Amino acid sequence: MQKWILAGLSVIYTAQWIAPVSATSQLQIAGTILGDANLPVTIQQTTPNDPLFSSQTYLTQINVPSAWDTTTGSNIPIAVIDTGIDLSHEDLMGKFWVNPDEIPGNGFDDDSNGYIDDYNGYNFISNNSDISDNHGHGTGIASLIAAQTNNNKGMAGINWRASLMVLKALNSAGGGDFSTVARAIRYAADNGAKIINMSFGAVDDFSELSSAVSYALSKQIIIVAAVGNNHGQGIFYPSAYSDVIAVSSIGNSGNISDFSNYGTGVDIAAPGENILMAGSSANGNSSYVRGSGSSFAAAEVTGIASLLLARYPSLSPTQVSSVLKSTATSLSSDSSGIYVGAGRINASQALNYQPRNLTARLSFSRTTVPADGMTPATITLVVGDEFSQPQSNLSVTLRASGSNNLVNGVLAHGDTALGMTNTQGQITFTLASNVAETKQLTFSSGANSIGLSSSNRIVFNVSKSMRHSMSWIRQSSYPTMHLGDTTTLWVEVKNTGNVAWISDKVAGSAKGQMWLGTDRPKNRESSFYDASSWGSRNRATTMTPSVVHPGENARFEFTIRANQNGKFREYFRPVVEYISWLNDLGIYWDVTVTNPNIFDISNIFNPFTSTNISEYSADIRGKTNDLTATPNQNLGLWVDLVNTGSSAWMPAGSDLRGTGAVRLGTATPRDRTSNFYSSSWMSPNRVMGTGIMVPPNGTLELYFSMKAPATPGIYQENFQLLSEYIGWFGPVFGWKITVK
């Protein structure tokens, strides 16, 4: 069986021990220890208040005191696989892991884990519960990691609160074999250890050891090991295994220690020369001793790794190694650049490492949601850093694609503040919409985007049961206006359907928006269009409030502008853009427009001329039949009209605008741009004027041309007479024209 480890003079040993100062012989073990019960110390009251703290110069070299400003550690279990530990040492009492399911000293395996009385650990050499240290090495390692700190006694450990799982796998000579250590590793992995320290090693690999290390790593246990003290290129196992943090020793100057191994595979370095630590009865009853070796450098790295884990409890072994190496202090090395790995470990920089990336995962109460604006999906975002550490008190902003997004019941567009994450890094919100589409969710915090590790899409669908409907409640009175004036109209309706209505004037998409549109016919261009307030010539206004649920009331309030004299009936109806018009309730206003400032052209031209549109009327006596044309063909048409009103039809108006002039204009809707516009027309929506005055009972034949469009099809072209800026009158007439 492969032997190793600490005791003896062979190169397989990890470190070197030196007996008390008076001794002349040296034992090559895990480190050089100088026992001295009366170690001269300059006692200095500092933080911490341990008397020997000022002699622990290695702590300052690796910035441990400033790291304590961030955290002094936590009670995570750290397995020390070594020669045992002096349980009665003043700086270690009360620092031991306790197996809560085991009753000490009763001779039974209470927790049925295969080990009797394993209350603070286990002795794998003798297969019993005697974990006392009859060598001294394990006690020194344990004190560097977690000696009682700030207790006015002895020295300071790196982690003030850690609990030590004592796993004795090396004998009184510091030796052992692979199978014993492998059993200890598996015990640590199965019983809750978070970190394993192994300050020993051997030249050769062994499958049983490799398997045990892989088992512990699979359970996300951090493993730290010394590289060995053979001063050669090539590091010992288990430090040579991938994902085990391999630690070499350096001196005060930052140079590799003359005993330390080096080469490919070294991850990081730490001070390993003349290190103060706790002694045991095996060191001649020395309470504190000094030693040198990569063993003690490894123990320092274990202590700092445990501080890092106290701050970021979810770090994986790979992540811990990455942080320790990326924050190490760079040191000089030989031309190969491999002596000290990433450099000297820096506790303060490691603990103050700021993760660069925010990541998150999403969970949905449902990923397919009815597009009714009523049924929400509940979404939980869990934000972490690149180490999956939850990020609490983090301000999170959501951006959802598409339109009509209701976040926590409130209409949202663009970036929406969700609030702050809780202590678990979570923030929960609801999302609903009345638009059928797939929405993509993106998140940010400040200027930083949050990467998602799960799907960020949610689908809103339309179902046959969805219904848009309304009932009329009240509306404003019919107005009388002067030409050019504006007035405000309003109507209130009730949502009697089962879909929420949404109006969002700043939405990026019109789809799903509730507008009050012109009706009879739908989408006609209104002559009362007010450019300063309407959305378009056929969309008067959106509703208030911006979200109206079934059973709630909506108000449409808008301004109309009197652009021509006369009496008009203006119809409107709410429309959900690109989805549905609501039921036709015949919502309209009768609008009367007068113009007191119009010069009375009847005094000049004819006693029968009037500015009152009610006095204008016409009949048709005949017109051209419907036509068939080829694309771009010029067509000739005529219509025979009779003046049946009491006012004359004048060829010219009373002012520069042509007020009162009777002309033939495009209709259904009025003032539309005709597809048959000809260059002979007055404009795209005015065919021609009368050319002469037509008195009451007079007749008029109008001859005009049209140009067929280039696109074949069947067209209905309608027209009507109007007295400009006074009003439209007479029948609407037209032709069906087939272009082929």
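The values are calculated or read from the model by the stated rules, or taken from the named source; none is laboratory data. This structure is a prediction, so every number in the text was calculated from the model and none was measured. All Cβ positions, glycine included, derive from the backbone under ideal geometry; neighbour counts span all protein chains shown.
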For this session: Could you grab the pairs with beta carbons closer than 7 Å, sequence gap of 6+ or different chains, first residue in the stretch 564-591 and free of Cβ contacts under 8 Å to residues at least 60 places away in the same chain, second one small (Gly, Ala, Ser) and surrounded by fewer than 17 Cβ atoms within 10 Å (Cβ to Cβ)?
Result: none
For this session: Name every residue in the stretch 646-664 that is in a strand (DSSP E or B) and farther than 20 Å from LEU627 by Cβ, in order of residue number.
Result: TRP649, MET650, ALA661, VAL662, ARG663
Problem set entry | Single match in SER242, SER248, SER286 (criterion: closer than 28 Å to GLN148 by Cβ, hydroxyl-bearing (Ser, Thr, Tyr) and either in contact with a strand residue (DSSP E or B) (Cβ under 8 Å, 6 or more places away or on another chain) or not in a strand (DSSP E or B) (or both)) | SER286
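Kindly provide the set of residues from the stretch 22-53 that are modelled with pLDDT of 50 or more and either under 26 Å from SER281 (Cβ atoms) or not polar (S, T, N, Q) (or both), ordered by number.
PRO48, ASP50, PRO51, LEU52, PHE53
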Problem set entry | Count - residues of the stretch 707-735 that are basic (Lys, Arg) and at pLDDT 95 or above | 0
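Within the stretch 175-194, take every residue that is of a type in the set (A, V, I, L, M, F, W, C) and more than 21 Å from ASP101 (Cα to Cα) and give me the one that is surrounded by the fewest Cβ atoms within 10 Å (Cβ to Cβ). I'd like the intermediate steps shown before the answer.
Residues of the stretch 175-194 of a type in the set (A, V, I, L, M, F, W, C): 178, 181-182, 184-185, 188-189, 193.
Now drop any that are not more than 21 Å from ASP101 (Cα to Cα), which leaves 178, 181-182.
Working: PHE178: 24, VAL181: 27, ALA182: 22.
Among those residues, the one meeting the criterion is ALA182.
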Exercise. List pairs: first in the stretch 475-488 and on the phi < 0 side of the Ramachandran plot, second in a strand (DSSP E or B) and of a type in the set (Lys, Arg), Cβ under 9 Å, 6+ apart or cross-chain?
Worked result: MET481/ARG561; ASP485/ARG561; THR486/ARG561; THR487/ARG561
For this session: Hey, can you tell me all the residues within the stretch 372-404 that are in contact with a Pro (Cβ under 8 Å, 6 or more places away or on another chain), at pLDDT below 90 and in a loop (DSSP other than H, G, I, E, B)?
Result: GLU386, PHE387, GLN389
Exercise. Which residues, counting only those in the stretch 668-688, are of a type outside the set (Val, Ile, Thr), assigned to a strand (DSSP E or B) and crowded, with 18+ Cβ neighbours inside 10 Å?
Worked result: ARG686
Problem set entry | VAL181 out of contact with any Ser or Thr (no Cβ under 6 Å at 6 or more places or on another chain) and either part of a loop (DSSP other than H, G, I, E, B) or in the same structural domain as ALA299 (by TED's automatic domain parsing) (or both) | yes
Exercise. Exactly one of (1) of a type in the set (Ser, Thr, Tyr); (2) at pLDDT below 95; (3) surrounded by 24 or more Cβ atoms within 10 Å (Cβ to Cβ) is unmet by SER172. Its number?
Worked result: (3)
Exercise. Based on what the data block shows, is LYS494 in the same structural domain as ARG555 (by TED's automatic domain parsing), assigned to a strand (DSSP E or B) and either under 25 Å from PRO574 (Cβ atoms) or among the acidic types (Asp, Glu) (or both)?
Worked result: yes
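Scan the stretch 653-667 residue by residue and report those that are surrounded by fewer than 16 Cβ atoms within 10 Å (Cβ to Cβ) and more than 23 Å from GLU570 (Cβ to Cβ).
ASP655, LEU656
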Exercise. Can ILE275 be described as assigned by TED's automatic domain parsing to the domain that holds ILE185, farther than 30 Å from GLN424 by Cα and surrounded by 24 or more Cβ atoms within 10 Å (Cβ to Cβ)?
Worked result: yes
Exercise. Does ASN134 fit the bill of being surrounded by fewer than 21 Cβ atoms within 10 Å (Cβ to Cβ) and either out of contact with any helix residue (DSSP H, G or I) (no Cβ under 7 Å at 6 or more places or on another chain) or hydrophobic (A, V, I, L, M, F, W, C) (or both)?
Worked result: no
Exercise. Does THR486 meet the test of being among the polar types (S, T, N, Q) and either assigned by TED's automatic domain parsing to the domain that holds GLU570 or closer than 30 Å to ASN612 by Cα (or both)?
Worked result: yes
Problem set entry | Flag for THR518 being surrounded by 22 or more Cβ atoms within 10 Å (Cβ to Cβ), in contact (Cβ under 8 Å) with a residue 24 or more places away in the chain, farther than 19 Å from ASN434 by Cβ and β-branched (Val, Ile, Thr) | yes
Exercise. Does VAL64 count as out of contact with any strand residue (DSSP E or B) (no Cβ under 8 Å at 6 or more places or on another chain), under 20 Å from ALA278 (Cα atoms) and of a type outside the set (Gly, Ala, Ser)?
Worked result: yes
